[in-house]
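Written below as structure tokens is the structure these notes are about.
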Amino acid sequence: MKIENATALVTGANRGIGRALVEALIDAGARKVYATARRIDSLDGVVALDRERVVPLQLDVTDRTMTSALPAQAPDVTLLINNAGILAFGSILDSPLEDIAREFDTNFYGKLLMARAFAPVIEKNGGGAIVNVLTVVALASMPGIAAYNASKAAAWSMTQSLRGTLAGKGIAVVSVFPGPVDTDMSAAIPVPKTPATEVARAIVD
């Protein structure tokens, strides 16, 4: 997958790793980057990175109507980066089931819905890649963020299935497993963290 002249779409692009990914893609020579977030006004600072190449789009990855309609707004995508995610604290026995369902809706189903929507688009455009931003705790769980672990582990399993399904269609499927990253989402976790800009550059590289 060559980033130069590619057209990318990044979910959850208004802050953290998502915002850093938009900047890294622009720096690497992407032709266009669609930056998505639930609130379109939260993307103002991201668009300011490059007003000619960054295109803001409103998207809630849990909304099936929005995800299925998005390819019509971004028909030239060759690289999809599924970055949007949420995290809640709690053990597997104590977390409200509503919280667990909410994390699966975003961290698992959101990635699946976007892959289903854009795999045909990427294939039609000559191939490219889908990148699912996961987490190291998809591989080795932390009990205090149980629903996050489980939803990301399910997304990892789905990603492997996706890779096999798309292998013959010219679409690479890539999983990313960051450790703790210095973002708003992980602010309450008192451990050493990697800057989001470093993670984004590694993903683009």
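The values are calculated or read from the model by the stated rules, or taken from the named source; none is laboratory data. This structure is a prediction, so every number in the text was calculated from the model and none was measured. Note: ideal-geometry Cβ built from the backbone for every residue, glycine included; neighbour counts use all protein chains shown. When the accessible area is computed, the model is the full protein with side chains, heavy atoms only, and any ligands, DNA or RNA have been set aside. Shrake-Rupley method; radii C 1.70, N 1.55, O 1.52, S 1.80 Å.
Hey, what did segment 87-179 get for relative contact order, percent, Cα under 8 Å, at least 6 apart?
Dividing the mean separation by the residue count of segment 87-179 yields 40 percent.
Can you tally the net charge around Asp99? Count Lys and Arg as +1, Asp and Glu as -1, for every other residue whose Cβ sits under 15 Å from the Cβ of Asp99.
Local charge sum for Asp99: -2.
May I ask you to give the solvent-accessible area per residue for segment 63-131, in square angstrom, as obtained with a 1.4 angstrom probe?
Accessible surface, normalised per residue, equals 47 Å².
Assigning unit charges at the beta carbon (Lys, Arg +1; Asp, Glu -1) and nothing else, what dipole magnitude in debye, to the nearest 20, does segment 49-205 show about its Cα centre?
500
Given 0.36 nm per residue, what is the gain on full extension from Asp205 to Arg38 after removing their alpha carbon distance, in nm?
57.4 nm
Which value results when the Cα radius of gyration for segment 73-134 is divided by 2.2 N^0.38 Å?
Scaled against compact globular proteins, the figure is 1.40.
For a test of understanding, tell me how many lysine pairs in segment 73-205 have Cα atoms under 24 Å apart, given they are 8 or more places apart or on different chains.
Value for segment 73-205: 5.
With unit charges on the beta carbons (Lys and Arg positive, Asp and Glu negative) and the dipole taken about the Cα centre of the chain, which residue among Gly29, Leu49, Ala138 sits farthest to the positive side?
Towards the positive end, the residue furthest out is Gly29.
Quick one: divide the alpha-carbon radius of gyration of segment 85-199 by 2.2 N^0.38 Å and tell me what you get.
Ratio of Rg to 2.2 N^0.38 Å for segment 85-199: 1.14.
To the nearest 20 debye, what charge dipole does segment 24-126 have about its Cα centre, counting +1 at the Cβ of each Lys and Arg and -1 at the Cβ of each Asp and Glu?
In debye, rounded to 20, segment 24-126 gives about 420.
Would you tally the net charge around Asp60, using a Cβ to Cβ cut-off of less than 11 Å, leaving Asp60 out, and scoring K and R as +1, D and E as -1?
+1
Compute log10 of I(q)/I(0) for the chain with the Debye formula, placing one identical point scatterer on every Cα and leaving out solvent, at q = 0.08 Å⁻¹, to two decimals.
With one equal scatterer per Cα and no solvent, log10 I(q)/I(0) is -0.24.
Between Glu4 and Leu93, what is the label-point separation in nm under the 7 Å Cα-to-beta-carbon projection?
5.7
Can you tally the net charge around Met158? Count Lys and Arg as +1, Asp and Glu as -1, for every other residue whose Cβ sits under 15 Å from the Cβ of Met158.
Once positives and negatives cancel, what remains is +2.
Across every pair of different alpha-carbon atoms, what Kirkwood hydrodynamic radius in Å does segment 1-88 reach?
Across segment 1-88, the inverse of the average 1/r is 12.7 Å.
Full extension from Ser157 to Thr65: what is 0.36 nm times the residue separation minus their Cα-Cα distance, to one decimal in nm?
30.7 nm
Over segment 66-153, what percent of the accessible surface lies on carbon and sulfur atoms, probe 1.4 Å?
That share works out to 63 percent.
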